[in-house]
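Everything below concerns the one structure shown next.
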Amino acid sequence: MIAILREDARDTPVHGEYEVVVLGGGPAGIAAAAAAARTGRSTILLERYGFLGGAGTAAGLSNFCGLHANVRGEHRQVVRGIACEIQDRLQSLSGLSEPHLIFGNRIQAQAYDISAYKIAADELLAAAGVKTLFHALGAGVAMESERRIAALLFESKSGRRAVRGGLFVDASGDGDLAAWAGVPYEVGDGKGNMLYPSTMFRINGVDPEKAGRAWESIATRMDDAERTGRRFPRKGIIVRPQKNPIEWRANVTQVRNPDGTAVSGVDLEQMSYGEVEGRRQCKEVFEFIRASAPGFERSYIVEIAPQLGIRETRRIAGEYALSEADILGCADFSDTIGVQGWPVEQHAEGRVDWRWQEAGSRGYNQLPYRMIVPTRVDNLLVAGRCASMTHDGQSSARVSGPCFVMGQAAGIAADLALAAGCATRMVDVATLQRRLAADGVNVSGD
Ligand SMILES: Cc1cc2nc3c(=O)[nH]c(=O)nc-3n(C[C@H](O)[C@H](O)[C@H](O)COP(=O)(O)OP(=O)(O)OC[C@H]3O[C@@H](n4cnc5c(N)ncnc54)[C@H](O)[C@@H]3O)c2cc1C
């Protein structure tokens with residue numbers, strides 16, 4: 001039992017009042033805020049760090065998944081809308097690689113430069129008219145009734161503040177805002193087992209000629225070393241070149257608590273332990289790569305990601321929970337808000353399990369509006385990796401592509417709910433779909 005200290009009641013300055021308040025600046029929050037602001041709604045996005053991009057920058061991913069699908073053997077981009085605008089901006093900053101194939105020719109992903117992503121996202125939100133508030137850590141809510149949020153409370157170097165709002169979008173990845181507002185949620189597989197997190201790092205100073213297709217041989221070298229007694233954090237590692245091939249990204253760690261469970265992204269003590277353990281693993285695996293892979297002899301770690309990369313924490317209870325069967329069966333929904341093509345990628349203890357849409361299938365599923373509509377609270381939408389999905393469904397639809405889709409739909413739905421004065425679950429879906437299509441979203445995938 002943790003000891004309790006009672007604080008005095010206090011008056012909290014109101015930093016501002018906005019029609020739409022978005023918590024979190026990852027792909028879901030970026031898309032939600034941009035889409036809402038473009039409808040003419042006064043919109044604020046609060047982010048705890050000093051830059052946008054979410055895990056894509058803060059956890060060092062430098063790679064988009066889920067934008068593309070393997071459509072009956074043909075690879076194409078199926079996520080459109082704001083995701084494309086980010087890609088265009090990255091392209092103009094020379095920060096976007098061509099899509100690359102993984103697992104032979106099963107699916108495409110697309111690498112980007114992390115600094116370019118931060119700038120592209122800044123510029124996109126500024127052009128849309130979003131007020132972005134950095135270094136603002138969401139800390140709670142003030143409710144006006146059991147079903148309505150009045151204000152988001154946050155902590156900052158200027159002290160504790162409040163932002164009043166009409167409609168709130170939780171894009172925190174962890175479902176923070178929804179949890180504070182009393183929305184029920186689940187963590188992991190219901191027995192507390194979450195997807196394992198990883199600390200990402202980037203390697204610079206690689207000789208690309210000598211390294212060749214080292215992304216194919218590094219895993220084999222690690223397997224060989226394990227046969228002679230060496231131990232690595234996990235199988236299923238990814239080490240791949242960035243646009244400038246002297247730089248490679250490394251997704252090779254897996255951060256477990258001493259008892260073997262996944263470090264929880266919503267547990268302060270575990271996160272503190274996990275940051276140190278993640279960096280220790282980066283050092284250990286990098287030393288092996290440098291010593292064994294051709295072309296890496298003069299390489300060095302140019303950056304360990306600012307934070308441990310968290311794949312899963314809370315997933316809220318919404319009007320519908322997207323499942324693994326929906327992903328693998330390429331499901332259609334009458335309330336579709338867009339599509340995504342990533343398979344199920346489950347980070348289990350010591351390994352990564354992949355489950356794929358059937359070969360020769362359409363290769364993508366639709367995402368229903370109901371998965372971003374929480375139960376219990378009327379003026380809230382929850383977009384991104386904390387949306388309403390089963391543990392297995394989230395193992396797919398948590399990646400960047402579907403998070404952009406959910407975010408953009410949340411932004412437009414916020415406008416519709418405010419205009420109609422209705423609860424988010426009562427938004428007219430046909431109008432939402434028409435508005436999304438008009439804004440370039442691939443709503444049905446056809
Ligand atoms: C190690 C790792 C590797 C991955 N690899 C890939 C990959 O290659 N490609 C891919 O597409 N996806 C990958 N993913 C998954 C993907 O990046 C994330 O699931 C995706 O970014 C989720 O988007 P989001 O907008 O829901 O949340 P996030 O990207 O997590 O963004 C949430 C944002 O909210 C902010 N925030 C959270 N709480 C608060 C608060 N209380 N107050 C203020 N701000 C807050 C955070 O700082 C963050 O900026 C990976 C994930 C991990 C962890």
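The values are calculated or read from the model by the stated rules, or taken from the named source; none is laboratory data. Just so you know, these numbers come straight off a predicted model, no measurement behind them. In this analysis, Cβ positions are derived from the backbone assuming ideal geometry, glycine residues included, and neighbour counts consider all displayed protein chains. Surface accessibility is based on the protein's heavy atoms, side chains included, excluding ligands, DNA and RNA. Shrake-Rupley method; radii C 1.70, N 1.55, O 1.52, S 1.80 Å.
The distance from the alpha carbon centre of segment 1-79 to that of segment 235-253 is 26 Å, rounded to a whole number.
Inter-label distance, Tyr300 to Ala359: 4.7 nm, where each label sits 7 Å from its Cα along the C-beta direction.
Structure note, pairs Lys131/Lys243; Lys118/Lys283; Lys210/Lys283; Lys157/Lys243: Cα-Cα distances above 30 angstrom occur for Lys131/Lys243; Lys157/Lys243.
Taking the accessible area of the chain, probe 1.4 Å, and keeping the other protein chains in place, the carbon and sulfur fraction comes to 48%. Dipole magnitude for segment 335-434: about 40 debye, using +1 per Lys or Arg Cβ and -1 per Asp or Glu Cβ, origin at the Cα centre. Probe of 1.4 angstrom, ligands and nucleic acids ignored: what's the accessible area per residue over segment 329-422, in square angstrom? Ligands and nucleic acids excluded, the result is 24 Å² per residue. In this structure segment 183-324 gives 46 Å² per residue of accessible area when probed at 1.4 Å with all protein chains present. On a C-alpha basis, how far is the centre of segment 327-368 from the centre of segment 109-187 in Å? Whole number, if you could? That distance is 27 Å. For the residues Arg362, Arg80, Arg213, a GNM of the chain with alpha-carbon springs under 10 Å puts the largest fluctuation on Arg213. The magnitude of the dipole of the chain, with charges of +1 and -1 set on the Cβ of Lys/Arg and Asp/Glu and taken from the Cα centre, is near 500 debye. Of all lysines in the structure, those lying under 27 Å Cα to Cα from Lys191, and not within fewer than 8 positions of it along the same chain, are Lys235.
Taking the charge dipole of the chain about its Cα centre, with +1 at Lys and Arg Cβ atoms and -1 at Asp and Glu Cβ atoms, the residue from Val183, Ile301, Val399 reaching farthest to the positive side is Ile301.
Taking a point 7 Å from the Cα of Arg231 along the Cα-to-Cβ direction, the residues of segment 160-203 with backbone N closer than 19 Å to it are 196-199.
The accessible area of Arg41, taken with all protein chains in place and a 1.4 Å probe, comes to roughly 50 Å². Helices of the chain meeting both criteria, an alpha-carbon length of 27 angstrom or more along the long axis and an average Kyte-Doolittle score not below 0.0, with helices taken as full DSSP H segments, are 400-420.
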